[in-house]
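Derivation of every value follows stated rules applied to the coordinates shown; laboratory data play no part. Owing to the predicted nature of the structure, the values given are computational and were not obtained by experimental measurement. Neighbour counts are summed over all protein chains in view; Cβ atoms, including those assigned to glycine, are modelled from backbone coordinates with ideal geometry.
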């Protein structure tokens, strides 16, 4: 077992992310650079970075833009099918349509959490980051435009706004006073007692966690309005051509009002509470040891599209989410197996990686 390295030090390059400040461009995050020695020491316990320096990640750092697009298309296809089914049933039997809509709002919640995971990936330039060089300086803009179209707009978010809070404050400032995840979890009643967040304790925090999440994601009236327009153009209008405007509008409201106010916030709150250990007694551990993978059917269901391999994401944030399972094998090959931690049930006990 490696010795522990504290996490209190700061650097301009943390978790492989270079931060540059420019009066015109503002915050820029370069995810293509290799982690510095200081970064590796902070991410890993003392003495564990030699294997990391020798590792070749070139084959899994390349972007495959069609993978997040395909994942988003799956979500939207399922949503459209649910709207058609609810709209058709509610016209004949309102009670049956209502029950079907409730079932749809539950079933779609993990998928819409998956869209939020795609927003997270797009903030790390998973779509057109280091790839797409034919676009030159515009590749980041195209990455964000595609990410907004397929994932961020439907959930009322914005890729660039999410990046500025997530990359700078969470990755770079992990476990500091500006880390938004730490600020939320330090107020969690279980964390206050020196415990990891529990299922019951986390569900009681859902209303406050929901408000905090949208503040961190920098949601505002513009993103909400853009989301409503997106749903009108890409969900309600196409459904109306099949079942009519009234059934389409009814189906949308019956599915999405409970989805955005209850089922998605529940899934999101459970998913985010299980990612890191912010207890005071864990402050001396490396970031890798304080970050958990999510295994098992229930866990993977609420951590779709690569979000289940969270330790590898913090270890190599330049690797796209859809390559993180391959990155897991690299981590094991590096000898990091005794540092990795996982959960096999939702907010269940943390155990060593088998």
If you count, for each residue, the other Cβ atoms within 10 Å and average over each peptide, how do 139-148, 64-73 line up from highest to lowest? 139-148, 64-73
What percent of all Cα-Cα pairs in segment 64-283 falls into each 5 Å bin, going from 0 up to the bin containing the maximum distance? 1, 7, 13, 16, 17, 15, 12, 9, 5, 3, 1, 0
With contacts defined as alpha carbon pairs under 8 Å and 6 or more residues apart, what's the relative contact order of segment 64-283 in percent? 29
What shape does segment 243-296 take by its C-alpha gyration tensor, where a ≥ b ≥ c are the square roots of the eigenvalues and a/c under 1.5 counts as rounded, a/b above b/c as prolate, and the rest as oblate? prolate
Determine the shape class of segment 173-224: with a ≥ b ≥ c the square roots of the Cα gyration tensor eigenvalues, call it rounded for a/c under 1.5, and otherwise prolate if a/b is greater than b/c, oblate otherwise. oblate
Alpha carbon centre of segment 283-334 versus segment 75-97: separation in Å? 36
